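One structure is given below, encoded as structure tokens.
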Amino acid sequence: MVEEAAFEQAPEQDPAEAAREAIWLALSEGLDAVAADDRDGFLTRLALLLGDSAGESDFAEAVALAQSIR
């Protein structure tokens with residue numbers, strides 16, 4: 001019976017949730033790859049790069065949203 005359960009397919013993950021998980025894993029790996037005393041610098045550099053990609057308005061909205069969610 002236990003063996004049968006192992007072969008059951010897991011429910012499909014929502015594509016948006018899968019994308020967020022992939023982003024979280026990439027961020028986690030990035031933070032792990034930098035020195036502990038450079039994590040703030042890493043996050044600043046990342047924010048600037050993402051801001052360039054997203055544009056000023058979209059980035060400002062994302063910052064405001066991130067501030068409101070805990």
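Tell me the angle of helix 15-33 to the major Cα principal axis of the chain, expressed in degrees between 0 and 90 and rounded to the nearest ten.
60
How much mean residue ellipticity at 222 nm does the chain get from its helices, if each DSSP H run of length 4 or more adds -39500 (n - 2.57) and you divide by all residues, to the nearest 500 deg cm²/dmol? Mind dumping the intermediate values first?
Numbers: 4 runs with 53 residues, N = 70.
Theoretical 222 nm ellipticity from helices: -24000 deg cm²/dmol.
Out of these labelled values of Rg and Dmax of the Cα atoms in Å, (i) 19.6, 61; (ii) 11.7, 34; (iii) 17.7, 56, which was calculated from the coordinates shown here?
Among (i) 19.6, 61; (ii) 11.7, 34; (iii) 17.7, 56, the one derived from this structure is (iii).
Give me the dipole magnitude in Debye, nearest 20, for the chain about the Cα centre, with unit charges on the beta carbon: positive for Lys and Arg, negative for Asp and Glu.
So the magnitude is around 380 debye.
Name the most mobile residue of GLU29, GLU56, GLU12, meaning the one with the largest mean-square fluctuation, in a Gaussian network model of the chain with Cα contacts below 10 Å.
Highest fluctuation of the listed residues: GLU12.
As I understand it, the value is the acute angle between the Cα axis of helix 39-54 and the longest principal axis of the Cα atoms of the chain; what does it come to in degrees, rounded to 10?
90
Rule-based calculations on the coordinates, nothing more; no lab input. Keep in mind the model is a prediction, meaning the values are calculated, not measured. Don't worry about glycine lacking a Cβ; one is built from the backbone with ideal geometry, like all the others, and counts go over all protein chains shown.
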